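Reviewing the structure listed below.
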Amino acid sequence: MAHTREGRLSGTCILLAAIFAAFLHCILVPSVARADDRCLRIAMAEATGSSFGLEPYRQVMKQVGVCVTPVSMPNARAVIAIRTGDVDAVFAGLGDFDQQAKAGLVHGESPLRTVPGLLVVREGTVQSLDELTNEAVGIWLGAGWAEDLMADYGNVMRCPLGPEMMQQLLRAGRLDAMLINEFSLHLSGGLPDGYISIPVKDLEVFTWVRPEFSDLLPAIEKGNAAYIKMLMELRQKASLD
């Protein structure tokens, strides 16, 4: 009888151990799968999202093997979002974006692109930043390069909605000029009639990611190149139409 009780006890222990192991497998395996199936939450400038939508970027990245969830937000919001961990990456940030965000970030070897920073003014008014006197100048809230250039200038309007808002204010006569990068100028409709653009600074733009996603940067850069090519082709087609 003793042997029978011991055998039953041993069998019960083995059964319980098997059930516990199966339970751990059910808990741990999905966690590992989720860790391997990384999908980046990436901040996209509102000008990009409103002009062409976010789905094309997601599809381009899918083709190069990177899962992304694009989120449209203003530049200033993107700085906060990457700092707090609400997003894992930022599609377009200048070379000092990590300092601006006060976050440990990395970018790829090559710039997303190099674009001129432009002063857009009515034709026949001024020819350089130095000639500005008291004109109302719009800048994109969160654009550090524009803040630096306008640090000692008194009549600055910071626009949280970026290029489209500046374009509207310029056309409505509430702004005399605006500082904008060339890429955003094209996306937001180009130069208004009667205005000219004056290059004031070369800007290197990168895609920034958190360090844990740095191994994805080569694929991200490949996808970015395809995406920008697509945007420029769409923009050119729209201008012809």
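The values are calculated or read from the model by the stated rules, or taken from the named source; none is laboratory data. Model, not experiment: these values are computed from the prediction. Note that each Cβ is placed from the backbone with ideal geometry, even for glycine, and that neighbours are counted across all protein chains shown. SASA here: full protein model, heavy atoms, side chains in, ligands and nucleic acids out. Shrake-Rupley method; radii C 1.70, N 1.55, O 1.52, S 1.80 Å.
How would you classify the stretch 185-241 from its alpha-carbon gyration tensor, with a ≥ b ≥ c the square roots of the eigenvalues: rounded for a/c under 1.5, else prolate if a/b is greater than b/c, otherwise oblate? Oblate. As a fraction of the 1.4 Å probe accessible area of the stretch 164-241, surface on carbon and sulfur atoms comes out at 50 percent.
Rg/Rh for the stretch 82-241 (Cα atoms only, Rh after Kirkwood) is 0.99.
The 1.4 Å probe gives accessible areas that order Met232, Met44, largest first, as Met232, Met44. For Val71, the shell of other residues with beta-carbons less than 12 Å away shows a net charge of 0, using +1 for Lys and Arg and -1 for Asp and Glu. In the full protein context, the stretch 86-198 carries 46 Å² of accessible surface per residue, based on a 1.4 Å probe and ignoring ligands, DNA and RNA. By a 1.4 Å probe calculation restricted to protein chains, Asp202 has an accessible surface near 120 Å², given to the nearest 10. Charge dipole (Cα centre; +1 on Lys/Arg Cβ, -1 on Asp/Glu Cβ; no other charges) of the stretch 82-174 amounts to roughly 320 debye. In terms of accessible area, using a 1.4 Å probe and ignoring ligands and nucleic acids, Ile220, Ile196 rank largest first as Ile196, Ile220.
Loop-located trypsin sites (Lys or Arg not before Pro) in the stretch 160-241 (DSSP state not H, G, I, E or B) with no more than 14 neighbouring Cβ atoms inside 10 Å: Arg174.
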